[in-house]
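Notes to accompany the following structure.
The values are calculated or read from the model by the stated rules, or taken from the named source; none is laboratory data. Since the model is a prediction, treat every value here as computed from it, not as a measurement. We place every Cβ from the backbone using ideal geometry, glycine too, and count neighbours over all the protein chains shown. With ligands, DNA and RNA removed, areas are computed over all heavy atoms of the protein, side chains included. Shrake-Rupley method; radii C 1.70, N 1.55, O 1.52, S 1.80 Å.
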Amino acid sequence: MSSTTATYEPPTGKRRHLGPTASLVLLASIMVSLLAASSAPTPLYAVYQREWGFSPITTTVVFGVYAIAVLAALLVFGKLSDHVGRRPVLLAALAGQAAATLVFADAGSVDALMAGRVIQGVATGAALGALGAGLLDIDRERGAVTNSFAPPIGTAVGALASGLIVQFLPAPTHLVYLLLLAVFVLQALGVTALREGVTRKPGALASMVPEFGLPRATRRAVAIALPVLFAVWALAGFYGSLGPALTAELVHSHAVVYGGLGLFTLAGAAALAALLLRNVPTRTVMAAGVSTLIVGVAVTLLSVGSGAGGAASVAGFFAGTAVAGFGFGAGFQGGIRLVVPLAQPHERAGLLSLLYVVSYLGMGVPAVLGGVLVVHGGGLVDTAREYGAAVIVLAAAALAGLLLDRRTPRAGGDTVVAGSVSVSASASVTESESEPVRMVRAER
């Protein structure tokens, strides 16, 4: 969310700083670990549920409060590093993450679990803006690519690694968090050696006032993008909250390692899409994302709908999840790229805030409603079908809008843009200025 233009300069003075490549690796590793930490509790929800006896509604509420906390922190702290510097924000965020891991490791109730998720969400949201901007401070081209695929990689790795640790190593509800704590401490030490990318400037408090805006030139593009943004994040919310329980029912096993496998598949495919499609024209990315999202969710629904729980159903479920994940990564990236370059530079912060609100509402609200339907509706499998059908409807609406509106007008009569915009599937979006934004005419 940062708009400050900064360049990475060689270190001066006697203090030793990390070089550009080492700095880039460090910031990328922080982004990966933050998103890994956010998905680490996912395989453990079933363990907590057995130990504490709560319902699926509670599981989805715990997930939902994290999404709300990230959203609030993004809106409030997203531009703070432009004023106080990248390092202070990153150090504070890593301290918050460390505190959250300690809360999780000592958690003995749902209240403690929710408190940990709130702290974790605030720390993650505060860090993402500074990380996205910091990566571009160092190297705009490589930073943009890292912004695109590091978050889904972190989500995928966290979900799978947590499941493996909990399944095969001792102290299942403690060890994964203590390992993350050690990682955050090491990264904080690295940040102290990071060269500051911006000069401090006044206005820190004013920057913490959330900005919303919908510029006239973006309205038609926003109308096309919002349904798919909501849809892809609703899908991520489902896999992050109810996915472990659905996977366990399909494979007829309560082994914790299966708990994070669905989210790992979804996020891993999203990371692959972000990497493969980073140079593809925006509308092509958008159309490919929406189409594959529809196909993937449809395959998943057919697999779940078989109800047999056999090998074919399980294989179809994970194949559909992978296809849907590719659509998630492409759809989110395409949606943001379709909208953001149409706004003037001074309008983008407010516009991004609006898109973030929609995305995180999509992640949190449907997941909580899904938990209610599991308990008071037709159960887990029926809820999965209804949830998936709603995602397909939203994605189809976005695809119809994209096909019907072949030209998205811009002030002055120009058509669609394909900018070099970096997209974080965990919600860090920063404009890359490695080259001028190119105006590209849409295919007729």
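Quick notes on this one:
- Cα coordinate range in the stretch 118-267, projected on the principal axes (Å, largest first): 54, 45, 30
- In order through the stretch 111-121: 3J(HN,Hα) via Karplus (6.51 cos²θ - 1.76 cosθ + 1.60), integer Hz, x for Gly, Pro: 4, 5, 4, 5, 4, x, 5, 5, 4, 4, x
- Extended-chain gain in nm, criterion 0.36 nm per residue less alpha-carbon gap, residue 95 and residue 206: 37.6 nm
- The gain in end-to-end length when the residue 255 to residue 319 segment is fully stretched comes to 21.0 nm, 0.36 nm per residue minus the alpha carbon separation.
- Under the simplified labelling scheme, the residue 182-residue 51 pair shows an inter-label distance of 2.0 nm, with each label point 7 Å from Cα along Cα→Cβ.
- Estimated D of the stretch 155-227 in µm² per second, where Rh is the Kirkwood radius over Cα pairs and Stokes-Einstein applies at 20 °C, 1.002 mPa s: 122
- Accessible solvent surface per residue of the stretch 160-276, calculated while the other protein chains remain in place, 1.4 angstrom probe, Å²: 43
- R0 of 22 Å, Cβ-Cβ distance residue 400-residue 219: FRET efficiency to nearest 0.05: 0.80
- Peptides 80-90, 321-331, 224-234, 189-199 ranked from most to least packed, by the mean per-residue count of other Cβ atoms within 10 Å: 321-331, 224-234, 80-90, 189-199.
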